[in-house]
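K.L.:
Take a look at the following structure, please.
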Amino acid sequence: MAGHQRILDFLVRCTFVCAISMSLVACGSLPALQDRSVSVALSDTHDTRLGRVLEPLVAAHPGKSAIYALQGARDAFAARAHLAQVAERSLDVQYYIWRTDLTGTLLLHALIAAADRGVRVRLLLDDNNTSGLDPVLAALDAHPNIEVRLFNPFVPRSPRWLSYLTDFGRANRRMHNKSFTADNQVTIVGGRNVGDEYFGATSDVLFTDLDVMAAGPVVHAVSEDFDRYWRSLSSYPVSLLLPPGALSTLADLAPDHQGPTEQQSLAEYTGALRQTPFVRQLMESSLPLEWAATRMVSDDPAKGLGSAAPDSLVRDKLRAVIGEPASRLSLVSPYFVPSQVGVEFFSDLARRGVHVEILTNSLEATDVVAVHAGYAKRREALLASGVTLYELRRLAPGLEQERKRFGMGSSSASSLHAKTFAVDQATAFVGSFNLDPRSANLNTEMGFVIESPTLAQRVHEAFEVRVPEDAYRVSLDGDGRLTWTEQQNGHQVRYDSEPGTTGLQRFWVWLLSLLPIDSLL
């Protein structure tokens, strides 16, 4: 009888918690959108500083866009900061993550400085990673030249997990797009979010990533796409979600309000930026640009509500634009969960003689163990069909040397975050799209398809030179068991289990691989 009473008490408490949760959500439903402001990308930017420099060059390359690959972490930050500084009319900024660490704070103040000059700033952030930022976002929105919107916002604001309980179908769909566009003349698109780990400003794990800076016709496509997301039914002005803020709130984020350690880090970081060749070329407008036919692909923002048509999704657009590889496919995806359909696709290519090579994170380097579990159970099938697999090492020697060469100091580890692939030494893709079910079916994504043999060849060559140096080659031995090999001082070192991991970590991956969660990864 006592056991039954305990069960009854437990059920009563659960019912009470659920009732409270539902009442909280009922009191915090999403606001109506009919009163939000209407704005579109500015087209009359020909007489801006960027327009005067770039438009004659664009006219000389009809049908093509200027492309510059931003591989270096600090170059990627410098490019964004420079665009914010030279913008005269507009900044349209869209990100999945924006941290208020060193680099995130610097870029926030760059946006504020631009707004102070009269530049119109539109900031669209996914709400999944804005916990604790409500006062900052409200303060930014208080500026007369800044408007902030949140994609698929959480209601109530705290605790956010209530939205997953009552509105999982919407809350589980996130905006993973990343773009930074100045004066409708130059844009930066790629894999990087805004935070120290993406811009070489931390001694902890650094993400190896890739963006491209572009000018020309593709910029207008990005601006039009930003407008689609800005006016979508998933984008809510923070003025409808949060109490009014005050710009004075942002003063605490200013460098002169930080402690001695933070100010020293700021001085070291900005000093290192000024010494890079990229910054000098950027300031002198002498960057070596690649002119190529470039097409932007992106998901219909209705995907954020689960109502986008299949042919409006990046996964289908990529197939339509690129077709199937004929001779070589080099693919980089930090979160690689091919599913059975993906295994069949890559295996069929390999059996037809296409050289398929894939780089993803090793277990020791990944920041999402569940994703690794979704990938690990497909390795044997991919390898058996002839696909070549590499997994980035946590302590990648080539990346460590690069950090030292650019004055970035030593980092404890690297983790892959770039999303790119090259097809047949002719076409390359750079963007936010991962080869996983979440990118394909749940999150919104975007990227560039670039018809550039030069850029495609760089990706292919990386698999011939850099990747074998920085990654484990995964293979099957004569008995069909997985092995990992790495290069150490000209010699190969072999492992019979996932290197740099413990038995408990491997058991956890195996356990996760048994769960039916691939569609969420």
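K.L.:
Under 1.5 on a/c is rounded, so check that first for the stretch 26-104, then, if it is not, pick prolate when a/b is larger than b/c and oblate when it is not; a ≥ b ≥ c are the square roots of the alpha carbon gyration tensor eigenvalues.
P.N.:
Here the stretch 26-104 falls in the oblate category.
K.L.:
Principal axis lengths of the stretch 67-175 from Cα atoms, whole Å, largest first?
P.N.:
44, 34, 24
K.L.:
Follow-up. Per residue of the stretch 161-168, in order, report the coupling 6.51 cos²θ - 1.76 cosθ + 1.60 (Karplus, θ = phi - 60°) as ³J(HN,Hα) in whole Hz, putting x for Gly and Pro.
P.N.:
Once θ is set to phi - 60°, the couplings for the stretch 161-168 become 4, 4, 5, 5, 6, 9, 9, 4 Hz.
K.L.:
Could you please state how large a percent of the accessible area of the chain is carbon and sulfur, counting protein chains only and using a 1.4 Å probe?
P.N.:
Answer for the chain: carbon and sulfur cover 56 percent of the accessible area.
K.L.:
Is the C-alpha gyration tensor of the stretch 290-350 telling us rounded, prolate or oblate? Criteria: a/c under 1.5 is rounded; beyond that, a/b larger than b/c is prolate, otherwise oblate.
P.N.:
oblate
K.L.:
Q275 versus W161, label points 7 Å from Cα toward the beta carbon: distance in nm?
P.N.:
4.6 nm
K.L.:
Let me ask something additional. Which percent, to the nearest 5, of DSSP beta bridges fully inside the chain are antiparallel?
P.N.:
Restricted to the chain, the bridges split so that about 65 percent are antiparallel.
K.L.:
What base-10 log of the normalised intensity I(q)/I(0) is obtained for the stretch 406-492 from the Debye formula, alpha carbons as equal point scatterers, at q = 0.13, 0.15, 0.20, 0.22 Å⁻¹?
P.N.:
Treating every Cα as an identical point scatterer, log10 I(q)/I(0) equals -0.67, -0.86, -1.13, -1.14.
K.L.:
Quick one: how many lysine pairs in the chain have C-alpha atoms under 23 angstrom apart, if they're 8 or more apart or on different chains?
P.N.:
Close lysine pairs found across the chain: 10.
K.L.:
Cα centroid distance between the stretch 302-352 and the stretch 213-289, in Å?
P.N.:
31 Å
K.L.:
Considering only C-alpha atoms, what is the centroid distance from the stretch 441-473 to the stretch 47-65, in Å?
P.N.:
28 Å
K.L.:
Only Cα pairs under 8 Å and at least 6 apart count here; give the relative contact order of the stretch 108-230 as a rounded whole percent.
P.N.:
18 percent
K.L.:
What do you get for trypsin sites (Lys or Arg not before Pro) in the stretch 429-491 restricted to DSSP loop and a cutoff of at most 11 other Cβ within 10 Å of the site's Cβ?
P.N.:
Answer by residue number: R481.
K.L.:
So how far apart, in nm, are the two label points at R231 and E469 if each is 7 Å from Cα heading toward Cβ?
P.N.:
The modelled label-to-label distance comes out at 4.9 nm.
K.L.:
Would you mind listing how long the stretch 183-333 runs along its three principal axes, going by Cα atoms, in whole Å with the largest first?
P.N.:
For the stretch 183-333, the Cα extents along the three principal axes come out at 55, 44, 32 Å.
K.L.:
OK, next. Which value in nm describes the separation of the simple spin-label points at L514 and D477, placed 7 Å from the Cα toward the beta carbon?
P.N.:
Label-label distance for L514 and D477, simple model: 2.5 nm.
K.L.:
Shifting gears a bit: Hey, can you grab everything whose amide H is under 5 Å from the amide H of F433? Only 5+ residues off in sequence or another chain; H modelled, so Pro and N-termini drop out.
P.N.:
Here M446 satisfy the definition.
K.L.:
Roughly how big is the chain's charge dipole about its Cα centre, with Cβ charges of +1 (Lys, Arg) and -1 (Asp, Glu), in debye to the nearest 20?
P.N.:
480 debye
K.L.:
Keeping all protein chains in place, calculate the accessible area per residue for the stretch 157-229 (probe 1.4 angstrom), answer in Å².
P.N.:
Each residue of the stretch 157-229 exposes 26 Å² on average to a 1.4 Å probe.
K.L.:
Taking Cα atoms of the stretch 421-470, Rg/Rh with Kirkwood Rh, to two decimals?
P.N.:
1.06
K.L.:
Then there's this: From the square roots a ≥ b ≥ c of the eigenvalues of the alpha-carbon gyration tensor of the stretch 364-521, which class results: rounded (a/c under 1.5), prolate (a/b over b/c), or oblate?
P.N.:
rounded
K.L.:
Just to check I understand the Karplus step: with θ = phi - 60° and J = 6.51 cos²θ - 1.76 cosθ + 1.60, what whole-Hz values come out for the stretch 180-192, glycine and proline as x?
P.N.:
For the stretch 180-192, the Karplus-derived couplings read 9, 10, 10, 6, 6, 10, 9, 9, 10, 10, x, x, 7 Hz, x marking Gly and Pro.
K.L.:
³J(HN,Hα) across the stretch 301-309 via Karplus (A = 6.51, B = -1.76, C = 1.60, θ = phi - 60°), whole Hz, x for Gly/Pro?
P.N.:
With coefficients 6.51, -1.76 and 1.60, one gets x, 4, 4, x, 10, x, 10, 7, 6 Hz.
K.L.:
Still on this structure, I have one more. Can you tell me which of 417-427, 234-244 comes out highest on packing, and rank the rest after it, using the mean Cβ neighbours within 10 Å?
P.N.:
417-427, 234-244
K.L.:
With each run of n ≥ 4 DSSP H residues scored as -39500 (n - 2.57), what mean residue ellipticity at 222 nm is computed for the chain after dividing by its residue count and rounding to the nearest 500 deg cm²/dmol?
P.N.:
Mean residue ellipticity at 222 nm (helix-derived): -11000 deg cm²/dmol.
K.L.:
With a 10 Å radius around each residue's Cβ, average the other Cβ atoms per peptide and rank 90-103, 377-390, highest first.
P.N.:
Ranking the peptides 90-103, 377-390 by packing returns 90-103, 377-390.
K.L.:
Among (1) 42, 24, 22; (2) 35, 33, 24; (3) 42, 33, 23, only one was calculated for this model; which label is it, if the read-out is semi-axes √(5λ) of the Cα gyration tensor in Å?
P.N.:
So the structure-derived entry is (2).
K.L.:
Please work out the Cα center distance from the stretch 126-168 to the stretch 381-396, rounded to the nearest Å.
P.N.:
What the calculation gives is 39 Å, centre to centre.
K.L.:
Any idea what the relative contact order of the chain is, in percent, if you count C-alpha pairs under 8 Å spaced at least 6 apart?
P.N.:
It rounds to 16 percent for the chain.
The values are calculated or read from the model by the stated rules, or taken from the named source; none is laboratory data. Worth saying up front: this structure is predicted, and the values here are computed from it rather than measured. Every residue, glycine among them, receives a Cβ derived from its backbone with ideal geometry; neighbour counts consider all protein chains shown. Heads up: the accessible areas ignore ligands, DNA and RNA and are worked out on the full protein's heavy atoms, side chains in. Shrake-Rupley method; radii C 1.70, N 1.55, O 1.52, S 1.80 Å.
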